[in-house]
Amino acid sequence: MNLYYSQEMEAKLAHDFIHVLGPIIVGAGPSGLAIAACLKSEGVPSLVIERSHCIASLWQLKSYDRLRLHLPKSFCQLPLMPFPTEFPTYPTKEQFVGYLEDYAATFGVQSVFGESVVKAEFDEGLGLWRVKTVKEGSGWAREYVSRWLVVATGENAEEVIPTIGGLSDFEGTVVHTSGYRSGEAFRGKKVVVVGCGNSGMEVCLDLCNYDAMPTIIVRDAVHILPREMLGRSTFGLCMWLLKWLPVQMVDRLLLFVTWLMFGDTTRFGLRRPKLGPLELKAISGKTPVLDVGTLDKIKSGDIKVYPGVKRFTSKGAEFVDGRSEDFDAVILATGYRSNVPSWLKDSEFFSEADGLPKRPFPNGWKGERGLYAVGFTKRGLLGASIDATKVAQDIAQCWNSEAKQNFCAS
């Protein structure tokens, strides 16, 4: 008999459910692996459920070839295992995936692949979380139960496809960045990239490197910062300065150095927000763009900048400033969103609007009745690692307490 259930309860579980002794973790991305490893280090078993056939499916199946970590590796390593010393400061996609595979093997992460969670809810009668999965194309369903449920599907579970007038009438290629691999397929073509975040900017640079003719849509104000300044990574410098200075002062320093390096970006169609980059990130979660060479291509005219799209036509697009142009392809760099509200039947912890915990970082990792979240901090891999450590310690405290009670009662 296990630590937590009576013989009668075990008999019911054996007939109706797959009983998971430790927590159920939904999602085998970096967040899911991190919490599984942290639990393992605390002596707590777990089971990871993943809809794809591999770990880190966003990185392996939905990212472009030239992708690297945007931040230095020291800010992106998962708990308990640093990156290999021979890795560069900004590891490639292949290096990061290799690191994650070694990480999962090192900590013996137990996973089931190819099962999509369609429903997870707390059963008041059992006092357990019931997690129903289906295997795509097979027609069968499976149900797991556990005392604890860790949601680790993250902020980037589903592509965001915006509603833009006329897009369905466009006769050229339309692809989300999740389906973009390299500019080779667009060589010699005129391509409009919708979205000016890090992915949109880097895709434009990649298109230039393959002799395509990209145009980027910059509808809103955006902060573009150098990836490195004053001999250090911009992110690392910010973290150091914030130990001593208020956010607004650090923002002013960042923007002054950026102006010295980049000049006035407004003349290239790149307006800056009124709030500084760090303050804006803290308030809205909007991440500044860390430039890796795109701005030089914009300055040289190799990448055109247009304001918002008014509507697409069969051959191209009309813009809000009255201009129009023909294009061969549209790439939607419009990001991703959480899909938690579609399957988690709990509206107290997660917001139905955006699928994120209602309480902001650093307090959004723990819900009620054994429900937890990892990877929803809007602070990347560093935020996921912080949450994973907290969640594992909290579950381990409960695990060890109940184990001690059962030992004393036996």
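Selection among F376, C398, P273 by position relative to the dipole of the chain gives P273 as farthest towards the positive end (Cβ unit charges, Cα centre).
Expressed as a rounded percentage, what relative contact order does the chain have, with Cα pairs under 8 Å and six or more residues apart?
Computed over the chain, the figure is 22 percent.
Think of the chain as a dipole: +1 on every Lys or Arg Cβ, -1 on every Asp or Glu Cβ, centred on the Cα centre; then among P357, F107, W148, P357 lies furthest on the positive end. Database remark: amide H of V174 closer than 5 angstrom to the amide H of V330 (H placed geometrically; neighbours at sequence offset of 5 or more, or on other chains; Pro and chain starts carry no H).
When the Cα positions of F312, I25, L253 are compared along the charge dipole of the chain, L253 comes out farthest toward the positive end, with charges on each C-beta of Lys, Arg, Asp and Glu. Available extension along the chain between A282 and V118 is 55.8 nm, counting 0.36 nm per residue and deducting the alpha carbon span. Across A384, A317, A353, mean-square fluctuation computed from a Gaussian network of the chain (C-alpha pairs under 10 Å connected) peaks at A353. For the chain, which whole-number percentage of the solvent-accessible area (1.4 Å probe, protein heavy atoms only) is attributable to carbon and sulfur atoms? It is 52 percent, rounded to a whole number. The string of couplings for segment 69-82 from the Karplus curve (6.51, -1.76, 1.60, θ = phi - 60°) is 4, 7, 10, x, 4, 5, 9, 10, 6, 7, x, 6, 8, x Hz, one whole number per residue in order, with x for Gly and Pro. When the surface is traced with a 1.4 Å probe over the full set of protein chains, T287 keeps roughly 80 Å² accessible.
For R311, the residues whose modelled amide H falls within less than 5 Å of its own, excluding neighbours fewer than 5 places apart on the same chain, are E318. Using alpha carbons only, how many degrees (0 to 90, rounded to 10) separate the axis of helix 30-41 from the longest principal axis of the chain? The answer is roughly 30 degrees.
Rolling a 1.4 Å probe over the protein heavy atoms leaves S199 with an accessible area of roughly 50 Å².
Put a plus charge on the Cβ of each Lys and Arg, a minus charge on the Cβ of each Asp and Glu, and nothing anywhere else: the dipole of the chain about its Cα centre is then about 1000 debye. Separation of the alpha carbons by more than 27 angstrom is noted, of K73/K135; K345/K390; K135/K378; K190/K310; K40/K243, for K73/K135; K135/K378; K40/K243. Relative to the globular-protein estimate of 2.2 N^0.38 Å, the Cα radius of gyration of segment 129-182 stands at 1.80.
Spacing of the modelled spin labels on T92 and C398, each 7 Å from Cα toward Cβ, amounts to 4.3 nm. For the chain, the solvent-accessible area works out to 47 Å² per residue, with a probe of 1.4 Å and every protein chain left in place.
Gap in Å between the Cα centre of segment 65-103 and the Cα centre of segment 305-332? Comparing the Cα centres of segment 305-332 and segment 65-103, I get a distance of 37 Å. Springs between Cα atoms under 10 Å define the GNM used for the chain, and in it the highest mean-square fluctuation of G29, G197, G236 occurs at G236.
In order along segment 306-322, phi translates into HN-Hα couplings of 10, x, x, 7, 7, 6, 8, 10, 5, 10, x, 8, 10, 9, 5, 8, x Hz, rounded to whole numbers, per the Karplus curve 6.51 cos²θ - 1.76 cosθ + 1.60 with θ = phi - 60° and x for Gly and Pro. Accessible area of R232 (1.4 Å probe, protein heavy atoms only, ligands and nucleic acids ignored): about 100 Å².
What FRET efficiency comes out for the pair R252/D321, r = Cβ-Cβ distance, R0 = 35 Å, nearest 0.05? Once rounded, the FRET efficiency stands at 0.65.
The values are calculated or read from the model by the stated rules, or taken from the named source; none is laboratory data. Since we're looking at a predicted model, the values are computed, not measured. Glycine also receives a Cβ, built like all others from the backbone with ideal geometry; neighbour counts cover every protein chain displayed. Only protein heavy atoms, including side chains, enter the accessible area calculation; ligands, DNA and RNA are left aside. Shrake-Rupley method; radii C 1.70, N 1.55, O 1.52, S 1.80 Å.
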